[in-house]
1. Pull out all pairs, ordered by first then second residue, where Cβ-Cβ is under 6 Å, the residues are six or more apart or on different chains, the first lies in the stretch A:384-397 and is surrounded by 24 or more Cβ atoms within 10 Å (Cβ to Cβ), and the second is in a loop (DSSP other than H, G, I, E, B).
2. Here is a check on your reading of the model: is B:Pro147 modelled with pLDDT under 90, surrounded by fewer than 23 Cβ atoms within 10 Å (Cβ to Cβ) and on the phi < 0 side of the Ramachandran plot?
3. Could you check the stretch A:55-89 and list, in sequence order, the residues that are surrounded by 22 or more Cβ atoms within 10 Å (Cβ to Cβ), closer than 25 Å to A:His191 by Cβ and not β-branched (Val, Ile, Thr)?
4. Would you please list the contacts, defined by Cβ atoms under 8 Å and residues six or more apart or on different chains, that run from a residue in the stretch B:342-362 that is without any contact (Cβ under 8 Å) to a residue 60 or more places away in the chain to a residue that is part of a helix (DSSP H, G or I) and charged (D, E, K, R)?
5. Report every pair of residues separated by at least 6 positions or lying on different chains whose Cβ atoms are under 8 Å apart, first residue within the stretch B:214-231 and away from every other protein chain (no Cβ under 12 Å), second assigned to a loop (DSSP other than H, G, I, E, B) and among the hydrophobic types (A, V, I, L, M, F, W, C).
6. Consider A:Gly346 carefully, then state whether it is of a type in the set (Gly, Ala, Ser), more than 14 Å from chain B (Cβ to nearest Cβ) and either crowded, with 19+ Cβ neighbours inside 10 Å or touching a strand residue (DSSP E or B) at 6+ places or on another chain (Cβ under 9 Å) (or both).
7. Checking A:Ile8 against (1) without any contact (Cβ under 8 Å) to a residue 60 or more places away in the chain; (2) farther than 30 Å from A:Gln161 by Cα; (3) within 14 Å of chain B (Cβ to nearest Cβ), which single condition isn't satisfied?
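The values are calculated or read from the model by the stated rules, or taken from the named source; none is laboratory data. Computed from a prediction, not measured in an experiment: that's the story for all the values here. Every residue, glycine among them, receives a Cβ derived from its backbone with ideal geometry; neighbour counts consider all protein chains shown.
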Protein chains: 2
Amino acid sequence: MKRSLRDIRLANRFDVLRQVIASRAVSRQQIVAETGLSLATVSTLVGELLDLGLLEEVGYEGSGGGRPRGLLAVTSGRGVLIGVDVAESYVHVEMFNPKLAALARTEAPLDPDGNSPDHVARQIAAAVRSVLDQAAGDAGTPPQESPSAQVLGVGVSVPGQVGRDGTVSISAPNWDWQDVPLRRLLGQQLHLPIYLDNPLRASTVAELWFGAGRGRRDVVVLTLGTGVGAGLALGGSLYRGATNSAGEWGHTTLVLDGRPCRCGSRGCVEAYVGAPGIVQHLRELAPDSPLLRSGGATETVDALARAAAGGDRVATRVVAEIARYLGMAVAGLVNLVNPQVVVLSGWVAAKLGSALLDAVRGVVERHAPRRPCVRAEIVLCPIAGNPVSLGAATLALEGFLTTIGRRL
Amino acid sequence: MKRSLRDIRLANRFDVLRQVIASRAVSRQQIVAETGLSLATVSTLVGELLDLGLLEEVGYEGSGGGRPRGLLAVTSGRGVLIGVDVAESYVHVEMFNPKLAALARTEAPLDPDGNSPDHVARQIAAAVRSVLDQAAGDAGTPPQESPSAQVLGVGVSVPGQVGRDGTVSISAPNWDWQDVPLRRLLGQQLHLPIYLDNPLRASTVAELWFGAGRGRRDVVVLTLGTGVGAGLALGGSLYRGATNSAGEWGHTTLVLDGRPCRCGSRGCVEAYVGAPGIVQHLRELAPDSPLLRSGGATETVDALARAAAGGDRVATRVVAEIARYLGMAVAGLVNLVNPQVVVLSGWVAAKLGSALLDAVRGVVERHAPRRPCVRAEIVLCPIAGNPVSLGAATLALEGFLTTIGRRL
């Protein structure tokens, strides 16, 4: 039950840094106006971030006759953050500066037959080292200055349940992990601070800092892919639940006794709006459709998106059907959580989102509360690039700011 | 986005007062041990509550050789709180001391043909005055000391959507209110501080202070009655959502295209586990059942509960069916919110809860996440008496402590 001033101070520190990151150069007074914090609090927090070398003074602006105001920016070239998106078939690694601008990236396939924890940890570590080497090569860093000495933290998103103790459980085809101590394994490989979480929470933090969640308190981020789930940011920060498992929305029953779901239950949201469920809609409506590709759900969803954009009749009907299921499920979330905004993220949303968006909004409007003030905005993820690796790196930045908090 | 030290301080003040209320007499050191707050913080907060006259020093305990420790208790006879539960057919009013022990109560039918806002406000105000008069009579208060001068606040729960501005919208048979300024109307009648909310949130606050939510951070309280809904306490305090509308869980789709719901949609949770939905299960299974009473859903649910307790075959099947629907819906909540505990409250839970509980737990266990650490406890509301009027009075106490915070 312990609530602490430290939590608030940390949340305020995140707010201040977000404001500076969002601007080329910003004064303390502008931060006060944007965050609602007092000038004294902002000055203290800015002082800490200056001492850490994360911020620097970059000049002055006039203040309408008064004393010129100092302008702040994030220090470039001081520390880097690594964001890792581990999926079932690949590992995507990006290196960012403290403004979370990407400096380097790599993507490597994950050996599909080698999903032992040690083997996966070695593959992740190799990809991280490859990005560090690439950056060192670019910068012409002398060999005695290890690039890893610059790393403030490595955020790693893995597609499963991540315990607060850094263990991971994943149930997937070819992948069955129970309470694997992945944080420890990666730490042994990399000797860097590791911050482990899953794509639901990584995407949510990315939206809070850089996307549709900026400046909002109550935000739902839906990850739509092969699996589906929700990330919740409530009261301005990530909500994790009692055991860091909140957001398993994909296994909410939408059609009692409906389609079998890979979780063993029936009629789950995921069985209708996850990529395999989308393929199934198409197959049921048009079993001989040329849109059904042999390469798997990704190719079929791609083909479906292109066909829907071109006005194809079957594709349009499939999209309408998916929008109905997704809309009803989103209406339930809006009723329960009453968020300001619902963000559709994940690769299925990236491909099909613009085709789905208006219809989903219509279904939600008909089925969520009738009072206009309760309506939530529904938007597509506005983040260019991979929001999961960005969010993982942001979790590492939050983690770094937290450890600093212990010292300050 | 403004988070403030005041929010934390207020939450801590609530925690300290909860600890004192829970004990006959408690030392500051015991409060430290229970809340995880520092001794300095506890001492400051206790000092404020002593200054307000809400707490008093009641003696000393030994401390194993050290200086004797002062013991604290809630002051009796200093201020009262009123809790009002307005339902579609009655208004129930209780008066409490600051320990939230009931001192007096009254219940009056609400005129079913007079649901104009002014008329309802007058009936609520009359019931509140009746309890105050009753208490004044008991205590033999001299007429010049108005009992209402003792009232710290009046908490009123109404069965609808309550806006942050104190307006109420209710859609019910014979009752159609849109943005009625009830807080203002009641204030004009009573000239007392009015704290308005709905039964979902009143019940949740009651559980947090006095029930199954004590000492828990993430709690879901389900109100099962004619309508159904959820109250969420996340991170140790009530979660309200963007527009104070969180918790409208009754209109989550559980059976796509299923039974019509009174909200205009189909297949909502409420259509299956609300009292009219329960009667419908019975009617579908046994159209000529003698358990179907002409007096309405309350009498039928009563008869069903008695028959199920007696092992009646039809009643047992109906209860199993309801448990299946309720269990699937609760599993969805557990997946999404990952709470420590789910509390079944409301009059349907009071009557049928013990018959339903084991079956609901079984369904949730089969359909919520597979990892044991994620499991939530599922319990019946342990509060004796009416949790809604208790919770409404508690909201008034929280409100009083908040206004005090503005002054301190």
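1. Hits for this filter: A:Pro387/A:Cys381.
2. Working: modelled with pLDDT under 90: yes; surrounded by fewer than 23 Cβ atoms within 10 Å (Cβ to Cβ): yes; on the phi < 0 side of the Ramachandran plot: yes.
When the stated conditions are applied, B:Pro147 passes them.
3. A:Leu81, A:Gly83, A:Asp85
4. B:Lys351/B:Asp302; B:Ala359/B:Arg324
5. So the pair list comes out as B:Val221/B:Cys381.
6. yes
7. (2)
Yes/no matrix, rows are residues, columns are (1) within 30 Å of A:Leu55 (Cα to Cα); (2) out of contact with any Ser or Thr (no Cβ under 6 Å at 6 or more places or on another chain); (3) within 14 Å of chain B (Cβ to nearest Cβ); (4) not in a helix (DSSP H, G or I):
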position: A:Leu304; (1), (2), (3), (4): no, yes, no, no
position: A:Ala315; (1), (2), (3), (4): no, yes, no, no
position: A:Pro339; (1), (2), (3), (4): no, yes, yes, yes
position: A:Val364; (1), (2), (3), (4): no, yes, yes, no
position: A:Gly385; (1), (2), (3), (4): yes, yes, no, yes
position: A:Ala393; (1), (2), (3), (4): yes, yes, no, no
position: A:Leu401; (1), (2), (3), (4): yes, yes, no, no
